[in-house]
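Peer 1: Have a look at this one.
FYI, it's all coordinate maths here, none of it is from the lab. Predicted, not measured: the structure shown is a model, and the values here were computed from it. Every residue, glycine as well, gets a Cβ built from its backbone with ideal geometry; the counts of neighbours run over all protein chains shown.
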């Protein structure tokens, strides 16, 4: 019971694991994708199956071990129920166990002497026969089943039930030595027992031998060992007594051999007695043999007669009874038998695996050889016939014979072609079949003959008919002309197929080619017609597979024929023509859509306006009423547009068939796409022409916001609803049942997110890509689903809707109304605007940002509409609030910064050309990046509209568009910011530069002094010398450049005093950039007497010196003195241009205002006065025109 529970438990556990794995797979993998999943994880599944199989292979044997262990434990404990005694079964079990034990012991003993091929180191002799005799002769063999001598293994044949051989022991022997189970059999006889003299009495002995051979599947030579009972012992020198017998010997041959043995024994016995009268062993054996010859001869002959396919009895040998006890004599006997057995050998009998395999192999070889011979004969015969057909074709004397021979060769080709495609006959496929190679070789003579006799005549007749077609008059068309045109179309199509084999259509060409073929041949009409149909039909069927058969077509004939056919058939029925006809067929059936019709029931005056309109043909009513049906009808009845014969489209035949099958659908799709493209362009052009009315005051802006946000009378809502309706043209209408099914699938199948979903058409229809942003904007406002295929775009703009926009507009209107109703409206407006300028959050800024997001979500195609209907209303309302604040901020800038700047730097160098220097600490007080007057003002007052990006002040892109910065203001603060970033990098104003003198012709000595820092050069090796400006010693100011020429003394003409002396000297130098950090400075007086006026700045936005330029700049003032020698120095800066940047302050004037005021609506004045925008198609056409369109 415990064992059964154990096994059942394991089975249940294994079944549960398999069920869990199957459930997990079925739950995680869809049944539709199960095959693909198995293919993808094939390797993992295979290895898992192997591991499971290995586990089962380990577990199942364990079941047997557990069962045996439990049984043994039960037997030891005495609780095993008694088993009824079965003597036969017990004997069988004991016999089986004994055979297994003998085999194990024999294997072990043989493996002790040799590890490999241990079973073939000794000769194996199987001893059988009379059991008592064997026990007396070899007691150890009878007891253990085997005995190993020096070179022989003696095996006991045994005696099973009813005296038969022990088959269990024989099977064990066969397992130990499969290639050659035994080398010989020894049949032991009792010499004292009489031998039967009848043939029937030998059946039992022969059957035992046969059973042994059948069990071993091996026939070994048989040796009869007769054990005689003699009174004398055999001496040591006695040789082995016996004789060998011929194969299948009869009684006479056996008697003769034994008689010869007896004579030899007699002679030997007489000789031995003469030497020793006590040695009577040989004589007694001769006497014994004399009485046994007749019986042995008959008995052995009876055995041989029943061993027909076996080796038979090989010899007869004699020994004494009882045993002589002489081990050397016994060893000699076994050695002799082993040697003779190896020399004689045995053979396999019965269904031995080697015999079966050899028989099957030889049978296959014989079959294949026979087939090879038959295949050789058959293929040779076929090749002879084919060679004869080719030779007859090449040696034909006249056209008729050539056509008949071409047909014969064609038939041979058809034969080989059928063999290649549908397998050759069985008797031709034995390794010598060359049908494919023969077919490839036969095509060449066929092609040469067909080109001369078939293709050339057809080509000439086709070209002649095309020439006639080109000369046909097309001014007057009648039935005859139309019929000729139809025939000419077939002629042209056939001609084109012959020139382009990829287009060949056998069903079209086969009935026409015989009509176009004519040749002078002496043939009866019936035979000629039959030959033409069969030859040209074969040619048409194979033209597509042989592109080399193409003919050289004449382009002039093809083009002329196409023009003639087009003139006869009609104007080319192209897509554009069909589309224009469809649009023109609508006419004025549907009214044009204007702003008034789209906003019916509302008043747009004072809000927005446009004089444009949308043609009635591009409306939803026109599509649903006329256009859709007209496109369907045109697609069904159109047939010429896809005619490659007339259009010359380069497609293959297979592609042409596909295009023909789907031409209607393709044309319908093209016409629909063309119509909706124009549909979207007209509506986009119309909506982009809408202009928002200007509001000069805050009350007017409040009135506009109130009218546009009115839920019942808003023209904007009415316009967007109309636009949504028009954008739904061509959209699919989902039925209630489809909606319910889709929702059910989403609910119950929502967990499987990785399932491949089928591509579904856009529910918004063909206008989804163009009207999608508008539809999403309006649909989200009403709580519906935006019908668009762009899921990602929808998600990114999910918070944008028309309804939320109108809510924000209402909030903005209430805020402006609150400002307007306050006692001091201007002060409160300035306070609100100041929060915008300072970057503080406010409802006004959020509303403006939201409006811009809506305009951006509409995309570039609706940019004009988005700006006019969403951005402009909010920006214009904010402008009424910002106008007072702009003036106030300009005034604060003038009073706090510009006035202080003028007091500090007016009339001082470098801002003016005077001898008075500006204070560097005062300049640092204004320019300091952290805590400077200018940066502090910008950070505190303009943080919301101006931001520092690197070292540039830039207007905030998200700020209100109604703010317009003065360009000179931005240029000025950016110039000062750049100078401050380099001059005040360490907190105090200072530049660090390096100077290196440059040798000049005629100059022997130079000395440059900058604020007490000297650089002396007298034509030695040039080196870089660092200098700081201004220097750290405020008492030593001034700059001086001294030089000495070859002819004159020292000249001190370039000398300046003051803190800005170095800048004054740089102003007179010619600056040539070497790289971004090194500059060549050259001072040289002009030999001509002329005045060089300094280049003053036109304005703050146009400085006299460009900080960023890398182009050489001329000196702002001439060098003093009259010496024209060029004095050069290389200056290398740490950052930027170093002190050269201060030259940008020459004539610098700080702008007095920040913002430039503009009147509301001025930005749209040019758009209002200009012409309406052109459609997209006309703009694209204008780009390719000879005279380009003017740029707006």
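Peer 1: Which value results for Rg/Rh of region 991-1065 when Rg is the Cα radius of gyration and Rh the Kirkwood radius based on the inverse mean 1/r?
Peer 2: Result for region 991-1065 is an Rg/Rh of 0.98.
Peer 1: With r defined as the distance between the Cβ atoms of residue 1130 and residue 988 and R0 fixed at 25 Å, what FRET efficiency is calculated, to the nearest 0.05? Don't skip to the answer; put the middle values down first.
Peer 2: Details: r = 26 Å, r/R0 = 1.05.
So, using R0 = 25 Å, E works out to roughly 0.45.
Peer 1: By what distance, in whole Å, do the Cα atoms of region 107-350 stretch along each of the three principal axes, largest value first?
Peer 2: That works out to 53, 42, 32 Å along the principal axes.
Peer 1: A further question on this structure: Please work out, to two decimal places, the log10 of the ratio I(q)/I(0) at q = 0.24, 0.30 Å⁻¹ from a Debye calculation in which every Cα of region 511-565 carries one identical scatterer.
Peer 2: Evaluating at q = 0.24, 0.30 Å⁻¹ gives log10 I(q)/I(0) of -0.98, -1.11.
Peer 1: Can you tell me how region 373-433 classifies by the Cα gyration tensor, rounded, prolate or oblate, using a/c under 1.5 as the rounded cut?
Peer 2: oblate
Peer 1: Return a whole-number percent for the relative contact order of region 356-449, with Cα pairs under 8 Å and 6 or more residues apart as the contact set.
Peer 2: Reported as a whole number, the value is 37 percent.
Peer 1: Provide 865, 698, 1080, 185 in ascending order of the number of other Cβ atoms located within 10 Å of each residue's Cβ, fewest first. Walk me through the numbers before you get to the answer.
Peer 2: Numbers: 865 23, 698 20, 1080 16, 185 30.
Result, fewest neighbours first: 1080, 698, 865, 185.
Peer 1: Taking R0 as 41 Å, what FRET efficiency do you get between residue 374 and residue 470 from their Cβ-Cβ distance, rounded to the nearest 0.05?
Peer 2: Values: r = 61 Å, r/R0 = 1.50.
The formula returns an efficiency of 0.10 here.
Peer 1: Still on this model: Can you sort 1141, 724 so the residue with the fewest Cβ neighbours within 10 Å comes first?
Peer 2: Numbers: 1141 22, 724 19.
Exposure proxy ranking, most exposed first: 724, 1141.
Peer 1: What is the order of 644, 862, fewest Cβ neighbours within 10 Å to most?
Peer 2: Ranking 644, 862 by Cβ neighbours within 10 Å, fewest first, gives 644, 862.
Peer 1: Okay, next question. Say each of residue 45 and residue 479 gets a label point 7 Å from the Cα, pointing the same way as Cα to Cβ; how far apart are those two points in nm?
Peer 2: Between residue 45 and residue 479, the simple spin-label model gives 7.0 nm.
Peer 1: In nm, to one decimal, how far is the modelled label at residue 609 from the one at residue 1072, with both set 7 Å along Cα→Cβ?
Peer 2: About 6.4 nm, to one decimal.
Peer 1: Work out the FRET efficiency for residue 632 and residue 580 from their Cβ-Cβ distance, taking R0 = 30 Å, and round it to the nearest 0.05.
Peer 2: With a Förster radius of 30 Å, E is 0.95.
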